[in-house]
Amino acid sequence: MIKNLGERLGLRPEEIEAFIARERQAADTVVSREIRWLTMETVALLSDGSHRAILEMTSMEGFVPDTRWVARALDLTVDEVNMALSRLTRLGLLEMATANRWVDRSEVGHSNGDGFAQQVIRRLSEQARRLSASNDEEGPGGKTTSAARIEIGAAQLPALMELIDRLRREAEDLQQCEREYQLEIKIAPVG
Amino acid sequence: MGQPVLRWQIISKNPDQTADFYCRLFDWTINSDNALGYRMIETSSGRGAEGGVWPCPPEGQATVVLYVAVDDVATYVEKARQLGGSVIIPPQKLPDGDEMALIYDPEGLAVGLFKPAKA
């Protein structure tokens, strides 16, 4: 599903692989389940135009932040609107900022369909990253530890090496006298 | 004093059937006359927490969520994060003035945070 969606959205193969790898990496964990759910919600959100329609409505004059009003305006059921609201708020595309103001947080013009899709994928990616980070653990002595395993193809190795080199250079700038944490990166064949 | 459980919510793939089932079983009534069209359950017992039924999207799973009353939703979301939870829905101000957020506890159970408009 991720591959098909990624291809349709014109993502590069390595970006699609990264999504798939992240999905596999956290298999059978809470994080994995949540990422799977978010991915399915993203698919639903992109395949059903009512989500974009709701976002567009929020900036229209005379908009009423009332599910029943939105349902009437879009010829949907109240439940359909509420499910759409759940997806939109969950992905951070809509904010119910006050009791009478809903704000479109998609940060994209509505005439730009591709831009909307990319923005939705970007939000999914951000949330997946945040969820993976929240999987960090507290180790001995109350110190934070974090570990991740990412499987890649041989063709992506040069790009990964470049990324590691950049990370190493930036991390060196952070070096301080107190040595409390260490970052270790290892590349090895899968198996 | 700790924070009380104020509400519970059944998230159902068939909200009408679910509401009908519980109304017949427990003599509850449903009131959807609110800005979200939310099926508020009225037990008319004068005891216990109030509840409601919310539609579950096809990609989700039917479940029950407890909503704990807090005086500041954003503060408790942050506190939950620090304790190992994660955010499902960040703080939202609902059309009727209530404020809510949804979090996962470290086990992956969804828990609601709720600040009623008439606190």
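The values are calculated or read from the model by the stated rules, or taken from the named source; none is laboratory data. Given the structure is predicted, the values throughout are model-derived calculations rather than measurements. FYI the Cβ positions are ideal-geometry reconstructions off the backbone, even for glycines, and counts take in every protein chain you see. In case anyone asks, the SASA skips ligands and DNA or RNA and just uses the protein heavy atoms, side chains included. Shrake-Rupley method; radii C 1.70, N 1.55, O 1.52, S 1.80 Å.
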Which pairs do you get when a residue that is farther than 24 Å from A:Leu55 by Cα and assigned to a helix (DSSP H, G or I), found in segment A:115-136, comes within reach of a residue that is among the charged types (D, E, K, R) and modelled with pLDDT under 75, reach meaning Cβ atoms under 8 angstrom, with the pair 6+ apart or on two chains? A:Ser132/A:Arg22
When B:Ala74 is run through (1) more than 9 Å from chain A (Cβ to nearest Cβ); (2) more than 18 Å from A:Arg130 (Cβ to Cβ); (3) modelled with pLDDT of 95 or more, the failure sits at (2)
Okay, strands (runs of 3 or more DSSP E) sitting entirely in segment B:29-88 with 1 or more residues that are among the basic types (Lys, Arg), I get B:39-42
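Going by what's in this entry, would B:Asn34 be described as polar (S, T, N, Q), under 19 Å from A:Thr67 (Cβ atoms) and in contact (Cβ under 8 Å) with a residue 24 or more places away in the chain? Before the answer, list the steps.
Details: polar (S, T, N, Q): yes; under 19 Å from A:Thr67 (Cβ atoms): yes; in contact (Cβ under 8 Å) with a residue 24 or more places away in the chain: yes.
For B:Asn34, the condition - polar (S, T, N, Q), under 19 Å from A:Thr67 (Cβ atoms) and in contact (Cβ under 8 Å) with a residue 24 or more places away in the chain - is met.
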Name the single residue, out of those in segment A:18-55 being surrounded by fewer than 17 Cβ atoms within 10 Å (Cβ to Cβ) and among the acidic types (Asp, Glu), that is modelled with the highest pLDDT. A:Asp48
Working carefully through the options A:Asp79, A:Asp66, A:Asp104, A:Asp48, find the one that is out of contact with any Gly (no Cβ under 7 Å at 6 or more places or on another chain), at negative phi and in contact (Cβ under 8 Å) with a residue 40 or more places away in the chain. A:Asp104
Looking across segment A:106-120 at residues that are small (Gly, Ala, Ser) and open to solvent by less than 20 Å² (accessible area, probe 1.4 Å), the single one that is modelled with the lowest pLDDT is A:Gly115
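Would you check if B:Asn34 is out of contact with any helix residue (DSSP H, G or I) (no Cβ under 6 Å at 6 or more places or on another chain) and open to solvent by 40 Å² or more (accessible area, probe 1.4 Å)? Give the derivation first.
Numbers: out of contact with any helix residue (DSSP H, G or I) (no Cβ under 6 Å at 6 or more places or on another chain): yes; open to solvent by 40 Å² or more (accessible area, probe 1.4 Å): no.
So B:Asn34 does not fit the description; no.
Considering only segment B:41-58, state which residues are surrounded by fewer than 17 Cβ atoms within 10 Å (Cβ to Cβ) and either β-branched (Val, Ile, Thr) or within 18 Å of A:Val78 (Cα to Cα) (or both).
Of all residues in segment B:41-58, those surrounded by fewer than 17 Cβ atoms within 10 Å (Cβ to Cβ) come to B:42-50, B:58.
Matches in segment B:41-58: B:Thr43, B:Pro58.
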Which condition number does B:Val65 fail, the rest of (1) within 13 Å of chain A (Cβ to nearest Cβ); (2) over 22 Å from A:Glu95 (Cβ atoms) being met? (2)
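Of a type in the set (Lys, Arg), facing chain B (nearest Cβ under 9 Å) and open to solvent by less than 50 Å² (accessible area, probe 1.4 Å): which single residue out of A:Arg68, A:Arg123, A:Arg87 fits that description?
Numbers: A:Arg68 fails: open to solvent by less than 50 Å² (accessible area, probe 1.4 Å); A:Arg123 fails: facing chain B (nearest Cβ under 9 Å).
One residue alone meets the criteria, A:Arg87.
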If I ask for residues that are part of a strand (DSSP E or B) and either more than 8 Å from chain B (Cβ to nearest Cβ) or touching a helix residue (DSSP H, G or I) at 6+ places or on another chain (Cβ under 6 Å) (or both), which ones from segment A:91-100 would you list? A:Leu94
Over segment B:1-15, the set of residues under 17 Å from A:Glu80 (Cα atoms) and not in a strand (DSSP E or B) is B:Lys13, B:Asn14, B:Pro15
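Does A:Ser47 satisfy being of a type in the set (Ser, Thr, Tyr) and at the interface with another protein chain (Cβ under 8 Å from one of its Cβ atoms)? Show your work before the answer.
Numbers: of a type in the set (Ser, Thr, Tyr): yes; at the interface with another protein chain (Cβ under 8 Å from one of its Cβ atoms): no.
Considered against the rule, which asks whether it is of a type in the set (Ser, Thr, Tyr) and at the interface with another protein chain (Cβ under 8 Å from one of its Cβ atoms), A:Ser47 comes out as no.
Counting only residues that are closer than 16 Å to B:Thr63 by Cα and crowded, with 21+ Cβ neighbours inside 10 Å, which one in segment B:90-111 is farthest from the other protein chains (Cβ to nearest Cβ)?
Looking at residues that are closer than 16 Å to B:Thr63 by Cα and crowded, with 21+ Cβ neighbours inside 10 Å, I get B:Ile103.
If I ask for residues that are more than 10 Å from chain B (Cβ to nearest Cβ) and either of a type in the set (Lys, Arg) or outside any helix (DSSP H, G or I) (or both), which ones from segment A:50-65 would you list? Working first, answer last.
Here is the first cut: in segment A:50-65, the ones more than 10 Å from chain B (Cβ to nearest Cβ) are A:50-63.
The answer is A:Arg52, A:Ser59, A:Met60, A:Glu61, A:Gly62, A:Phe63.
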